[in-house]
Structures are given as C-alpha cells and as structure tokens.
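The values are calculated or read from the model by the stated rules, or taken from the named source; none is laboratory data. Keep in mind that this is a model prediction, so the values were computed, not measured. A quick note on method: Cβ atoms are made from the backbone with ideal geometry, for glycine too, and the neighbour counts reach across all protein chains shown.
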Amino acid sequence: MNGGHTPAMCEEALEFLRLHPGMRVVDATVGCGGHAAAIAERISPGGVLIGLDWDGEALAVAREKLESRGWDLRLHRRNFSELKNVLEEEGIHEVDALLFDLGVSSLQLDSGGRGFSFSVAAPLDMRMDRRRTETARMILSRCGARELERVLTEYGEEELARPIAREIVRSGCPAGTVELAELVARVYAREGRRSRINPATRVFQALRIAVNDELGNLRIAIPQAIDVAGRGARIVVISFHSLEDRIVKEEFARGARGCVCPREFPVCRCGRVPRLKIITKRPVRPSPDEVGKNPRARSARLRAAERIAHNQNH
C-alpha cells in the first residue's frame, strides 16, 4: 500500500480556495493525502486542517504521510455527510475553506480485494468503508432484474441496463470483477453495440454508487458545507461524472438563490437572501497537460462557490 495517488486538479483547487496561513480548512475527502499536504503547506503556520475520509486504508496512508510534518491536523474516519458532527466534536463552528474531491483514488482502484476496477481480478466488494455491511455482490444477489435495471439506469446512465440486469439474474450473480466485466461485454456484443469506453465502466460506477450511497451523502454534505462556511469562505468540489456534478450545481444554485416569494407580492416576505456567490459559472476542466500526465483526471470537473452571508432563513 502506498500513497502514489496523484490528486486531480490540485493547482486549480488551491487557486480557487485562496489559502493563506492561519486558516481553518476542511478536506472532506482526504484520501491518501495529496490535496491535504498541499493545503497544509499553504495554511501553516497557525492553520488547522480537518480531514475526513471513510476509507480506513487510505486514511492510514494519509496519516503516515502528513503527521510527521508538524502541521495541525485533525483526521477522522468519517463520511463527509457527518461534517457538522465532526466540526462540533472539534469545537469548531465555522471554517475558512472546504474541498471535496469525489474521485476514487488509485489506491482503491489498484488494490486487490476491493473490487472497484474491472481491470483487477477481485471480489465484488466496492465498499469505501469496510465497516459497512452490504457489498456489490450482495446487491447483485438480492436484487431482481427490475431493481438492477433501476440501479444501472439511475446511477450509471447505462443504455443497456435492462438486458444487462436480465443477464445477471438469468446467469446467476458473477463471482468477481472479471466475470461481471465479461458478462457486460457479452451483452454489448449480443446487442450489436459498441462503446468508446470499456462497456463495464458505467455498470461498475452504478454499483459503487449504490453500495456507498454516494449521491445521497453528497446531497447531505453540500448544504452542511454551506452552513459551516464562514463569510468569504470558498467551497471547491471536484467531481468525476455528471450525476455528482449535477448535484453540486443544483446545491450551489440553491445557495445562491435569493427571494422566493411569488412575483405578485409587492415586497419580500420570505426574508431569504443569497448565501453563496457562484465563482465558476461553468465547471473548470483539467488542462491537456495534466490529462497527459494523469489520465484518470480526464473526467474531472471543478466547481467553486463563496459564502457571502450569514444567518438567515433558507
């Protein structure tokens, strides 16, 4: 196990976060510590970095990498949907910047036994937090064709969700990653369809999202991030597929919305004022140079917003 993961869009994230010494910053997905190390360097001396991650193995790598540097670090094995609770435990009521990197790390993709990648033979696990009970194989085993079709359509935007789901049920639950990838390839061939990416990509994405409730947790976490952001604090989110990006866009737009009274009201009665200023009107994409050096960054999209107002109705 090593910390060789290259964080996506690190320079862009640092630029949008506007870091300086003495800040209190949350890295909500600390992973193997790539972004966290860059952040800690810029907020020292006097800064505090609060790091969260569900993955115990990744957090162990980050701890080993970061704790010897003398920075003020508070690392927690928690999901970012628990952000407010973590900060309350730390006695911190608001922070100066927050970063979410929603990608799967190289450690998770390449580690045997985790089941995140169809290019590595492994059991169909896919749990970010191994303390969770349900694995991807358990989902495939317990779900009928209709429910599997919903999962593949909703979380993977898979066009062949129905025949793939039916084939999984008909042939019995695949034993591992390679078997599932081969099953998907057979369905694509039988349907006469081609894909510019590996046909199994969207199926694996859908199962990983379902196992870890990634979208549900993100919908909880972004409003919490807005709540704990101090005035002028930046929130930066790096997502890797359209489902995540859509949630971030919607939550930022909701935070930036002012009065919601009907137009016929002569004066505002709701008292709602914008809480956010959206910094990135469109998502920022990685440079061609970065994609050349780190192909896994090719689908990254960065959005940033700034907290502009405090306690009001929302």
_Looking only at the range 47-64, how many residues end up being at pLDDT below 95 and surrounded by fewer than 21 Cβ atoms within 10 Å (Cβ to Cβ)?_
5
*In the range 30-42, residue surrounded by the most Cβ atoms within 10 Å (Cβ to Cβ) [restricted to those that are touching a strand residue (DSSP E or B) at 6+ places or on another chain (Cβ under 6 Å) and free of Cβ contacts under 8 Å to residues at least 40 places away in the same chain]*: 36
*Confirm whether residue 150 is within 23 Å of residue 219 (Cβ to Cβ) and either assigned by TED's automatic domain parsing to the domain that holds residue 241 or aromatic (Phe, Trp, Tyr) (or both).*
no
*asked:* Just the residues that are part of a helix (DSSP H, G or I), among the hydrophobic types (A, V, I, L, M, F, W, C) and without any contact (Cβ under 8 Å) to a residue 40 or more places away in the chain, please, taken from the range 129-160.
replied: 138, 145, 148
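Do we find a residue being acidic (Asp, Glu), in contact (Cβ under 8 Å) with a residue 40 or more places away in the chain and in contact with a Ser or Thr (Cβ under 7 Å, 6 or more places away or on another chain) anywhere in the range 98-107? Don't jump to the end; show me each part of the working.
So in the range 98-107, the residues acidic (Asp, Glu) come out as 101.
Right, trim to in contact (Cβ under 8 Å) with a residue 40 or more places away in the chain and you get 101.
From what is left, the residues that are in contact with a Ser or Thr (Cβ under 7 Å, 6 or more places away or on another chain) are 101.
Yes; the residues of the range 98-107 include at least one that is acidic (Asp, Glu), in contact (Cβ under 8 Å) with a residue 40 or more places away in the chain and in contact with a Ser or Thr (Cβ under 7 Å, 6 or more places away or on another chain).
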*Total residues in the range 252-279, condition farther than 15 Å from residue 308 by Cα and in contact (Cβ under 8 Å) with a residue 24 or more places away in the chain*: 2
_helices (runs of 4 or more DSSP H) contained entirely in the range 213-314, each with at least 1 residues that are of a type in the set (Phe, Trp, Tyr)_ = 242-256
*asked:* What pairs come out if I take residues in the range 55-70 that are within 18 Å of residue 29 (Cβ to Cβ) and pair them with residues that are in a loop (DSSP other than H, G, I, E, B) and charged (D, E, K, R) whose C-beta lies under 6 Å away, six or more apart or interchain?
replied: 56/77; 59/53; 59/77
_I'd like the residue in the range 265-284 that is touching a Gly at 6+ places or on another chain (Cβ under 7 Å) and basic (Lys, Arg) and, out of all such residues, is surrounded by the most Cβ atoms within 10 Å (Cβ to Cβ)._
275
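Quick check: anything in the range 79-100 part of a loop (DSSP other than H, G, I, E, B) and either surrounded by 21 or more Cβ atoms within 10 Å (Cβ to Cβ) or within 20 Å of the chain's Cα centre (by Cα) (or both)?
Let us first name the residues in the range 79-100 that are part of a loop (DSSP other than H, G, I, E, B), namely 79, 91-94.
From the residues that got through so far, the ones that are either surrounded by 21 or more Cβ atoms within 10 Å (Cβ to Cβ) or within 20 Å of the chain's Cα centre (by Cα) (or both) too are 79.
The answer is yes, given that some residue of the range 79-100 is part of a loop (DSSP other than H, G, I, E, B) and either surrounded by 21 or more Cβ atoms within 10 Å (Cβ to Cβ) or within 20 Å of the chain's Cα centre (by Cα) (or both).
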*Any idea which of (1) more than 13 Å from residue 208 (Cβ to Cβ); (2) within 19 Å of the chain's Cα centre (by Cα) is the one residue 129 doesn't satisfy?*
(1)
